[in-house]
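The values are calculated or read from the model by the stated rules, or taken from the named source; none is laboratory data. A quick note: this is a predicted structure, and the numbers were derived from the prediction, not measured. Using ideal geometry, Cβ is built from the backbone for each residue, glycine included, and neighbour counts are taken over all protein chains shown. Accessible surface areas use protein heavy atoms only, side chains included; no ligands, DNA or RNA. Shrake-Rupley method; radii C 1.70, N 1.55, O 1.52, S 1.80 Å.
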Amino acid sequence: MSRVALPHDAKAGPTKPEVRAVLLSKLGLTDADHFVEVGSCTGAVTIEAARRAGRVTAVERKESRLETTRKNLAENETTAAVDLRATEAPAGLPDDADALFLGGSRNYEAVLDHAAETGVDRVIMNVSRLEVAGAATEAFRERGLLEDVVQFQVSHGYELAGATSFDSDNPVYMLIGSASEANGKPTSGGQR
């Protein structure tokens, strides 16, 4: 699969490629899945999902960022039908999602309520701030969604005095869960 091209900037960083790789592995998207992203920003995750899932819905509250998603999506080969929605979640979230990703923490409790109510099979939230990670973990637990929390950090090498040293990215906390068992919704085959 080709790399994701992101020539258009959203003034907010995209989910880094290494983080997307772990995210996609945890989501286990298939062409039978309807994937929903809350906060599409640059469109990096939307593009990756549109190469795997059958349908993709991207929700973004800022019209300028949704336009960036639209432009970056046009620069990449994808196979899924993609619906871009300019609204603040949980408004605009479909009721038939198989997998849902929250790339940010705005309104996450209301989004998690929606996921629990509609029985989303795979729910993942990425968090970079420790305090938000703790509160979000508790929110996942309160809704019976939490299956796992993964913390990881990526470092990139650079040359320093003829040798290799490393610069590290911020750690990422990935909260992984599901509402399918609690609501009797059959899973669609994705691996968690």
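Brief remarks follow.
- Residues in the stretch 145-171 that are modelled with pLDDT of 95 or more and open to solvent by less than 40 Å² (accessible area, probe 1.4 Å): Leu145, Val150, Ser165.
- Only one entry in Thr68, Thr118, Thr15, Thr42 is at pLDDT 95 or above and of a type in the set (Val, Ile, Thr), namely Thr118.
- For the stretch 46-55, the count of residues that are surrounded by fewer than 16 Cβ atoms within 10 Å (Cβ to Cβ) and outside any helix (DSSP H, G or I) is zero.
Condition check ((1) touching a strand residue (DSSP E or B) at 6+ places or on another chain (Cβ under 7 Å); (2) crowded, with 18+ Cβ neighbours inside 10 Å; (3) assigned to a loop (DSSP other than H, G, I, E, B)) across all residues:
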| site | (1), (2), (3) |
| --- | --- |
| His8 | no, no, yes |
| Thr15 | yes, yes, yes |
| Lys26 | yes, yes, no |
| Glu37 | yes, yes, no |
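- Residues that are closer than 19 Å to Ala139 by Cβ and aliphatic (A, V, I, L, M), drawn from the stretch 157-176: Val172, Met174, Leu175, Ile176
- Listed by first and then second residue, the pairs linking a residue in the stretch 104-132 that is open to solvent by 20 Å² or more (accessible area, probe 1.4 Å) to a residue that is in a loop (DSSP other than H, G, I, E, B) and among the acidic types (Asp, Glu), with Cβ atoms under 8 Å apart and 6 or more places separating them unless they lie on different chains, are Arg106/Glu88; Asn107/Glu88; Thr118/Asp95; Thr118/Asp96.
- The stretch 172-192, residues that are in contact with a Leu (Cβ under 9 Å, 6 or more places away or on another chain) and either at pLDDT 95 or above or open to solvent by less than 40 Å² (accessible area, probe 1.4 Å) (or both): Tyr173, Met174, Leu175, Ile176, Gly177, Ser178, Ala179, Gly190
- Checked against the criteria, Thr42 does not count as assigned to a strand (DSSP E or B), open to solvent by less than 40 Å² (accessible area, probe 1.4 Å) and polar (S, T, N, Q).
- Meets criteria (in a strand (DSSP E or B) and open to solvent by 40 Å² or more (accessible area, probe 1.4 Å)) for Asp95: no
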